[in-house]
Amino acid sequence: MIDIKNLTIKKAHESLLKGDFTVRELTETYLAEIQKKNPEINAYLEVYTDALEQADEADKRIKAGKADILTGIPFAIKDNLLIKGRIASASSKMLEKYCATYTATAVQRLVEQGAVLLGRANMDEFAMGGSTENSAYGVTKNPHDMSRVSGGSSGGSAAAVAMDGALAALGTDTGGSIRQPSSFCGTVGLKPTYGSVSRYGAIAMGSSLDQIGPITKTVEDAEIIFNVIKGADGFDSTTISDTTFAKEPYKGKKPVIGIPTAFLNQGGIDEAVLANFNESVEKFKNLGFEVKEISLPNIGYSLAVYYVLMPAEVSANMARFDGVKYGLHKDGVNMVDDYFVSRREGLGREVRRRIMLGTYVLSTGYYDAYYNKANIVRNLLREDFKKAFETVDVILTPTAPTPAFKIGSKTEDPIQMYLEDIFTVTANLVGVPALAVPSGFVEREGKQLPLGIQITAAHGREDTLFMVGKEFRSE
Amino acid sequence: MIDIKDIEKLAELSRIKLTDEEKQKFGTEIESILAYVNQIQEVAGATASEQPVVGEVRNVMRPDTNSNESGANTEMILAEAPAREGDLLKVKKIL
């Protein structure tokens, strides 16, 4: 029996090299776990029938002495990342039968290392949501409490790792979609610097915000995956290289931690989350980190800015789903009516609402007051962060304002749902990297629910995040 | 602030068909979201009438060459099309 509960990428890699177990045995163990747990949790929309064939290829590679760090490591892949010849539905009816014609660069880099792709993970439709309740294929339940959501939009990816249905997963993060489900499911989640991981082959949502990143059990695992998937890509002109941003020396012996105290005292944060956050701050102090209060004058506006810019970009990106080139087609009375009917049938409520909201903020007469103003405030936020990173190396907040909430408890009020993103959207608006790290549990109704903290660093400083995260987790 | 006519107009611009019930519901929801995001109007400093601000712009060039042979992916891509005629996407008559 392989102890997958305590397995990490590094441990698995060493065991595979030593011959403690084969990739086939490892893959079989995960497939058995998926078979046992997925019917209730619904983390996977599809488990690939060729997983064991992929495993055998990886075994051959290890035998030949050509193993890379991810050779034979079993992954779950979010359903909005394309893999040639496989369905990529983005959890939408629109793409229910869409078979990808090329492979996303980030996935390709895993495949080149010989990783085993177990299946595609559930998500909120087109990554729009914070609970996977917007999936056209049912909610992903939280492995820690089946009456609660797994978070979103990468809820399937986080739940797959948390239920030991994969050793690691890829997700995408537009406003917290990797970090918030990681907080809810007790996993580690990284939203990398804007441009550090190619988005080629990721189904676009908000193109100035989207990033692909890993969801794992340890900070070290996230670092290993990030180092494989990052880097310039000729197919994504927004990609950067390792040297795009200068790496300044730390402000103290160790990275100095900044806390936006005023923002945290505004209210709206669950008491247990706040108490756990304060404990985490104490832990950092005990570890010898210097902790400073910082001011981010405009951070209170970040959620409002996000909910203007993101729908604007959504409305543009979703225009490609027209029922003509690929995806769902429904017949209307004429050619133009085909669009109306196909989009009505193919797109869920949240997606349609965001398209309409985006159309509104971009329309003549409202453009200046909303889209343009939001961009101005976004630039002020960038300045705030730039200034903050002159005195500290990382910024610490909770990842989400609450632990995982009950299924159905926020579906009727979009603003309540959006408030879940309050701490995460800023990293996307500013383009900086942020790491969600498990920080403990709170008991609710007899169940232990995970909590998390978010560490944010300056552009290109994932190395700082990994260093601080590992110390915090005693890795 | 947002009435049914606005929603109908937005739905038309967005190429989405809505039921009467959805028009009502979307109207209420979009109004509450706009009320929330309206707080950005309070932000002091630059005003909206100033220079439009968009993301960082940098030019990215690539060699002006074909990345693949003509027709290499045609079959695979057209296999995803809801309707085709030969190598063309088929739509209803426009004129």
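The values are calculated or read from the model by the stated rules, or taken from the named source; none is laboratory data. None of the values given here were measured: they were computed from a predicted structure. Every residue, glycine as well, gets a Cβ built from its backbone with ideal geometry; the counts of neighbours run over all protein chains shown.
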Q: Determine if the stretch B:10-21 includes at least one residue that is more than 8 Å from chain A (Cβ to nearest Cβ) and either closer than 30 Å to A:Gly234 by Cβ or modelled with pLDDT of 95 or more (or both).
A: yes
Q: May I ask you to verify whether A:Glu282 is surrounded by 14 or more Cβ atoms within 10 Å (Cβ to Cβ), of a type in the set (D, E, K, R) and part of a helix (DSSP H, G or I)?
A: no
Q. Can you name the residue in the stretch A:291-304 that is more than 12 Å from chain B (Cβ to nearest Cβ) and in contact with a helix residue (DSSP H, G or I) (Cβ under 9 Å, 6 or more places away or on another chain) and is also surrounded by the fewest Cβ atoms within 10 Å (Cβ to Cβ) among such residues?
A. A:Glu293
Q: Look at A:Leu449 and say whether it is over 18 Å from A:Thr397 (Cβ atoms) and either part of a strand (DSSP E or B) or among the small types (Gly, Ala, Ser) (or both).
A: yes
Q. Which of (1) without any contact (Cβ under 8 Å) to a residue 60 or more places away in the chain; (2) part of a helix (DSSP H, G or I); (3) over 30 Å from A:Asn379 (Cα atoms) does A:Gln416 not meet, given it meets every other one?
A. (3)
Q) So which residues in the stretch A:265-284 are out of contact with any Ser or Thr (no Cβ under 7 Å at 6 or more places or on another chain) and touching a residue at least 60 places away in the same chain (Cβ under 8 Å)? A) A:Gly268, A:Ile269, A:Ala272, A:Leu274, A:Phe277, A:Glu279, A:Val281, A:Lys283, A:Phe284
Q: Output yes when any residue across the stretch A:6-26 is within 19 Å of A:Ala162 (Cβ to Cβ), exposed (fewer than 15 other Cβ atoms within 10 Å of the Cβ) and more than 25 Å from the chain's Cα centre (by Cα), and no when none is.
A: no
Q. Is it the case that the stretch A:11-22 has a residue that's touching a strand residue (DSSP E or B) at 6+ places or on another chain (Cβ under 9 Å), at pLDDT 95 or above and under 30 Å from A:Glu133 (Cα atoms)?
A. no
Q) When the stretch B:71-95 is examined, which residues are found to be out of contact with any His (no Cβ under 8 Å at 6 or more places or on another chain) and among the small types (Gly, Ala, Ser)? A) B:Gly71, B:Ala72, B:Ala79, B:Ala81, B:Gly86
Q. Do we find a residue being crowded, with 19+ Cβ neighbours inside 10 Å, among the hydroxyl-bearing types (Ser, Thr, Tyr), in contact with a strand residue (DSSP E or B) (Cβ under 9 Å, 6 or more places away or on another chain) and modelled with pLDDT of 95 or more anywhere in the stretch A:339-361?
A. no
Q: Among residues belonging to the stretch A:380-409 that are out of contact with any strand residue (DSSP E or B) (no Cβ under 9 Å at 6 or more places or on another chain) and of a type in the set (A, V, I, L, M), point out the one that is farthest from A:Lys247 (Cα to Cα).
A: A:Leu380
(Q) Among the residues of the stretch A:419-468, what is the count of those that are among the polar types (S, T, N, Q) and free of Cβ contacts under 8 Å to residues at least 12 places away in the same chain? (A) 0
Q. Give me the pairs: first residue in the stretch B:28-40 and facing another protein chain (nearest Cβ under 7 Å), second residue charged (D, E, K, R) and in a helix (DSSP H, G or I), beta-carbon distance under 9 Å, and six or more apart or on different chains, which are they?
A. B:Glu29/A:Arg353; B:Ile30/A:Arg353; B:Ile30/B:Asp6; B:Ile33/A:Arg353; B:Ile40/A:Lys373
Q) Pick from A:Gly119, A:Gly152: which is surrounded by 24 or more Cβ atoms within 10 Å (Cβ to Cβ), under 20 Å from A:Leu347 (Cβ atoms) and not hydroxyl-bearing (Ser, Thr, Tyr)? A) A:Gly152
Q) Condition test on A:Ala222, is it surrounded by 23 or more Cβ atoms within 10 Å (Cβ to Cβ) and either acidic (Asp, Glu) or not in a loop (DSSP other than H, G, I, E, B) (or both)? A) yes
